[in-house]
Amino acid sequence: MVSAPKSPEIYDLHTHSLHSDGTNTVEEIFAMAAELGLAGIAVTDHDTADGWPAARESAKRHQLDFVPGIEVTTKFDGIAVHILAYGVDPQHTALAAELQRVRESRLGRAQRMVERLSQDFDIDWQRVHDRLEPNGTVGRPHIADALVESGHFADRGEAFKLVLHPGSPYYQPTYAIEATDAVRLITAAGGAAVLAHPAAVRQRYAAPAEHVIALAKAGLWGIELDHPENVSSWLEPLRQTAAELGLRVTGASDFHGTGKANELGEMTSSAELVAELREFVRVPN
Ligand code: AMP
Ligand code: FE
Ligand code: FE
Ligand code: ZN
């Protein structure tokens, strides 16, 4: 019997839920993924694996594949760099301690920013806190949402542009692991480290080749070249560097629900790539 041609099996490897700064539950994201006909998704909340148990349940319910991930807050030369950690053991002692430290720092930092903003805007900590899941990772998007709710700004994007960007007098930096150390730590915890959105427009320039080379030496597994916020004209040199270093190229939407324009499944990775990823990691699903 001749079988009908199958639609390609594709995965969205970068999404955010209410456990960090996404606006949907994990279950809602899986329901959307099923609707779109994706083969599977990764849930990659900032600095937490708290969404994984719900993701495993939802994956079963919708007969989808779940790829566990965490988007780790790091810095390189003092600049914020996000590293996706796929298939790590979240109980790995040193990794868990670092994530805990980052999350605690984020909390103090957000409180400090809200304190400063409250001098000029209708906002208080309670209103930001009320938006969080228990133990959820707080970020500037939650502050943005509270400011939008008070009518100060139209959406997250406007709040970021006007008061939440790093040059703003209200801005406070947060603790972050050195990116090369993060890659080593993720790898030691059984994970595959992938440099997230290396040419995102908000970074103002693409990740320099020297940084990518240093990260590769530390054990970087892949690089997220297919991402809606990457500036396409900045990608060619990165593609070349990635090829020279033997890095895998991943694709994903970085879906944040209504918090960003990025649409689920807008950019994707192949089933072959996901199979290779699973071979590499300690916690494949
Ligand atoms: P934070 O983690 O507190 O440093 O905030 C950074 C997060 O805010 C990132 O994960 C982005 O998803 C989100 N973000 C950054 N810029 C914007 C923007 N212009 N609109 C909406 N979300 C944004
Ligand atoms: Fe985010
Ligand atoms: Fe990111
Ligand atoms: Zn992200």
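Structure above, values below:
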{"quantity": "Count of the stretch 94-109 residues which are under 22 Å from residue 165 (Cβ atoms), touching a residue at least 60 places away in the same chain (Cβ under 8 Å) and out of contact with any Phe, Trp or Tyr (no Cβ under 7 Å at 6 or more places or on another chain)", "calculated": "2"}
{"quantity": "Qualifying positions in the stretch 46-72 - touching a Gly at 6+ places or on another chain (Cβ under 9 Å), within 16 Å of ligand 2 (Cβ to nearest atom) and β-branched (Val, Ile, Thr)", "calculated": "48, 70"}
{"quantity": "Candidate set from the stretch 226-237 (those that are without any contact (Cβ under 8 Å) to a residue 40 or more places away in the chain and of a type in the set (Asp, Glu)); member that is surrounded by the fewest Cβ atoms within 10 Å (Cβ to Cβ)", "calculated": "236"}
{"quantity": "Filtered residues of the stretch 90-127 (kept if acidic (Asp, Glu) and under 28 Å from residue 43 (Cα atoms))", "calculated": "98, 104"}
{"quantity": "In the stretch 245-260, residue farthest from ligand 3 (Cβ to nearest atom) [restricted to those that are buried (at least 20 other Cβ atoms within 10 Å of the Cβ) and of a type in the set (D, E, K, R)]", "calculated": "260"}
{"quantity": "Residue among 138, 148 that alone is touching a Lys or Arg at 6+ places or on another chain (Cβ under 8 Å) and within 16 Å of ligand 4 (Cβ to nearest atom)", "calculated": "138"}
{"quantity": "Identity of the residue in the stretch 147-189, surrounded by fewer than 19 Cβ atoms within 10 Å (Cβ to Cβ) and small (Gly, Ala, Ser), that ends up farthest from residue 119 (Cα to Cα)", "calculated": "188"}
{"quantity": "Residues of the stretch 192-224 that turn out to be over 23 Å from residue 284 (Cβ atoms) and under 15 Å from the mean Cα position of the chain (by Cα), as a count", "calculated": "6"}
{"quantity": "Scan of the stretch 203-213 for residues that are in contact (Cβ under 8 Å) with a residue 40 or more places away in the chain and not polar (S, T, N, Q), ordered by number", "calculated": "207, 211"}
{"quantity": "Members of the stretch 19-40 found to be crowded, with 21+ Cβ neighbours inside 10 Å and either in a loop (DSSP other than H, G, I, E, B) or more than 16 Å from ligand 1 (Cβ to nearest atom) (or both), listed by number", "calculated": "19, 20, 21, 22, 26, 30, 33, 40"}
{"quantity": "Enumeration of residues in the stretch 72-85 that are out of contact with any Asp or Glu (no Cβ under 9 Å at 6 or more places or on another chain), within 14 Å of ligand 3 (Cβ to nearest atom) and either free of Cβ contacts under 8 Å to residues at least 40 places away in the same chain or within 19 Å of residue 188 (Cβ to Cβ) (or both)", "calculated": "81"}
{"quantity": "Every residue from the stretch 76-88 that is outside any strand (DSSP E or B) and in contact with a Lys or Arg (Cβ under 9 Å, 6 or more places away or on another chain)", "calculated": "87, 88"}
{"quantity": "Pairs, first closer than 23 Å to residue 138 by Cβ and modelled with pLDDT under 95 in the stretch 238-266, second within 12 Å of ligand 2 (Cβ to nearest atom) and of a type in the set (Gly, Ala, Ser), C-beta under 8 Å, six or more apart", "calculated": "259/22"}
{"quantity": "Candidate set from the stretch 97-125 (those that are more than 16 Å from ligand 4 (Cβ to nearest atom) and under 17 Å from the mean Cα position of the chain (by Cα)); member that is farthest from residue 226 (Cα to Cα)", "calculated": "100"}
{"quantity": "Residue that is within 16 Å of ligand 3 (Cβ to nearest atom) and free of Cβ contacts under 8 Å to residues at least 40 places away in the same chain, where the choices are 51, 69, 37", "calculated": "51"}
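Residues are listed down the side, and each one gets a yes or a no for (1) outside any loop (DSSP other than H, G, I, E, B); (2) of a type outside the set (Val, Ile, Thr); (3) out of contact with any Lys or Arg (no Cβ under 7 Å at 6 or more places or on another chain):
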site	(1), (2), (3)
50	no, yes, yes
59	yes, yes, yes
66	yes, yes, no
70	yes, no, yes
74	yes, no, yes
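The values are calculated or read from the model by the stated rules, or taken from the named source; none is laboratory data. Note that the structure is a prediction, hence the values are computed from the model and not measured. FYI the Cβ positions are ideal-geometry reconstructions off the backbone, even for glycines, and counts take in every protein chain you see.
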